[in-house]
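Chemist: Below you'll find the structure I mean.
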Amino acid sequence: MENQAIKIDSSLRTVEWKDNKVIMIDQTKLPNELIFVEYDDFNQVADAISTLVVRGAPAIGVSGAFGLGLAVLQSKAITKDELLSDLEDARKILFATRPTAVNLGWGLEKIMNVAKTGETVEQIKELVISQAKQMADEDIEINKTMGKNGSTLFDDNDTIMTHCNAGALATVAYGTALGVIRATRESGKNVKVIATETRPIQQGSRLTAFELKHDGFDVSLVPDTAVGYSMANGLVNKVVVGADRIVKTGHVFNKIGTYQVATMAKQHGIPFYVAAPLSTIDLETNVDDVIIEMRKGSEVTGIGEKKTAPDGIGVINPAFDMTPPELISGIITEKGVATAPFEESISKLFAAN
Ligand code: MRU
């Protein structure tokens, strides 16, 4: 079924379950058009995740869960085993879309575990859909709590740099890093934001600048190459970014370029914070085993449709990089803020969970 543009709206709810369909903002069209697409087939959701119609770790976690919601509705199974087998097939397709963000696997696994507890086909269908909806609602609540926890680290009149988009558009709503910035403003402090452009596909200019402007923030855009300049010239007080996967040692995998921003922040004595829910923390995988997604060269050899490099040029296009814990001042979560030594403080957050 073709994607269908259904409405233009001003509210930024990135992904939603409505009338047995998945509705999401088509982020490939931003900032020029705010278009919502609707899907009734889990294959469309898988396609939306791989083509970045929806992106951002928490948003793809919930989208994956909604994809399984569609899969149970699509299934013609008449026994529990048949339905679980159809679900497993759908899980594999959804899981294969993007490798770096841990939230996708987390969301899918959570649904699979709930599905297995159902006795009948009807019961499994209900359980899967209600669990997926609950995960979406919880995502917003978690972001708000995380925002409050992080807001105490920011001062009145701070100018905060952020990289990529870890906002409402990377989550169900409100955002992780941008959630912290929102909560800081809600606590009565005046803040300004500097958003990095975030080449190659410009989540900073297309999404973060759009989202913050949409919500009335004072936001300026800088090219990624001006991070050092901005910090050296006193334009930035603090940095907050999101994360796609954090391992138990506190190594943070986030959008390509994050490592450079963190290194520059260290060089200039600027606090560098990461905001992410516990679902982004992966206690199982070792830092060297995290897969960095390599994306197509055309994202680098052009901007949008416009070609900006010679034909036939070789391209290296990693979508994420790793920031080591020694560059990180704190990891803000819904359970509190972890600080060095991270292995210890992260395990305390989970123990309190
Ligand atoms: O490739 P994307 O757009 O899915 O990138 C992921 C991200 O949105 C960022 O890395 C973000 O900073 C973390 S997700 C809240």
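The values are calculated or read from the model by the stated rules, or taken from the named source; none is laboratory data. Quick caveat: nothing in here was measured; it's all calculated off a predicted structure. Every residue, glycine as well, gets a Cβ built from its backbone with ideal geometry; the counts of neighbours run over all protein chains shown. Surface areas here come from the heavy atoms of the whole protein model, side chains and all, with no ligands, DNA or RNA. Shrake-Rupley method; radii C 1.70, N 1.55, O 1.52, S 1.80 Å.
Chemist: Need pairs with beta-carbon distance below 7 Å; first residue under 14 Å from Ala168 (Cβ atoms) and within the range 199-214, second outside any loop (DSSP other than H, G, I, E, B) and open to solvent by 10 Å² or more (accessible area, probe 1.4 Å); sequence gap 6+ or separate chains.
Modeler: Gln203/Lys255; Ala209/Val219; Ala209/Leu221; Leu212/Val219; Lys213/Val219
Chemist: For the range 18-46, give me each residue that is part of a loop (DSSP other than H, G, I, E, B) and over 16 Å from Leu70 (Cβ atoms).
Modeler: Asp26, Leu30, Pro31, Asn32, Glu33, Leu34, Ile35
Chemist: Taking the range 281-297 as the region of interest, how many residues are open to solvent by less than 50 Å² (accessible area, probe 1.4 Å) and in a strand (DSSP E or B)?
Modeler: So the count comes out to 2.
Chemist: While we're here: Could you run through the range 247-280 and say how many residues are away from the ligand (no atom under 14 Å from the Cβ) and either open to solvent by less than 10 Å² (accessible area, probe 1.4 Å) or within 14 Å of the chain's Cα centre (by Cα) (or both)?
Modeler: The qualifying residues number 3.
Chemist: Would you confirm, using the coordinates I've provided, whether Glu109 is under 25 Å from Met322 (Cα atoms), part of a helix (DSSP H, G or I), free of Cβ contacts under 8 Å to residues at least 40 places away in the same chain and not hydrophobic (A, V, I, L, M, F, W, C)?
Modeler: Taking the combined requirement at face value, the residue satisfies it.
Chemist: What do you reckon, is Glu299 within 14 Å of the ligand (Cβ to nearest atom) and more than 19 Å from the chain's Cα centre (by Cα)?
Modeler: Judged against the criteria, Glu299 is a match.
Chemist: If you don't mind, another one. Have a look at Lys238, Lys306 and point out the one that is among the basic types (Lys, Arg) and farther than 17 Å from Ala177 by Cα.
Modeler: After ruling out the rest, the residue left standing is Lys306.
Chemist: So in the range 66-106, with the set limited to residues that are touching a residue at least 60 places away in the same chain (Cβ under 8 Å) and within 16 Å of the ligand (Cβ to nearest atom), which one is surrounded by the most Cβ atoms within 10 Å (Cβ to Cβ)?
Modeler: Among those residues, the one meeting the criterion is Ala101.
Chemist: For the range 175-188, give me the residue count where each residue is part of a loop (DSSP other than H, G, I, E, B), touching a helix residue (DSSP H, G or I) at 6+ places or on another chain (Cβ under 9 Å) and surrounded by fewer than 24 Cβ atoms within 10 Å (Cβ to Cβ).
Modeler: 1
Chemist: Gly150: closer than 28 Å to Ser63 by Cα, touching a residue at least 12 places away in the same chain (Cβ under 8 Å) and not basic (Lys, Arg), yes or no?
Modeler: yes
Chemist: Residues of the range 141-174 being open to solvent by less than 30 Å² (accessible area, probe 1.4 Å) and in a helix (DSSP H, G or I), which ones?
Modeler: Hits for the range 141-174 are Asn143, Met146, Gly147, Gly150, Ser151, Ala168, Leu169, Ala170.
Chemist: Right, another one. Would the range 37-49 turn up any residue that is touching a residue at least 60 places away in the same chain (Cβ under 8 Å) and either within 12 Å of the ligand (Cβ to nearest atom) or open to solvent by 60 Å² or more (accessible area, probe 1.4 Å) (or both)?
Modeler: No, the range 37-49 contains no residue that is touching a residue at least 60 places away in the same chain (Cβ under 8 Å) and either within 12 Å of the ligand (Cβ to nearest atom) or open to solvent by 60 Å² or more (accessible area, probe 1.4 Å) (or both).
Chemist: Now for a different question. Would you check which residues across the range 189-239 are assigned to a loop (DSSP other than H, G, I, E, B), open to solvent by less than 20 Å² (accessible area, probe 1.4 Å) and more than 27 Å from Asn32 (Cα to Cα) and list them?
Modeler: Val236
Chemist: On to the next question. Name the residue that is nearest to the ligand (Cβ to nearest atom), counting only residues in the range 304-353 that are open to solvent by 60 Å² or more (accessible area, probe 1.4 Å) and in a strand (DSSP E or B).
Modeler: That would be Met322.
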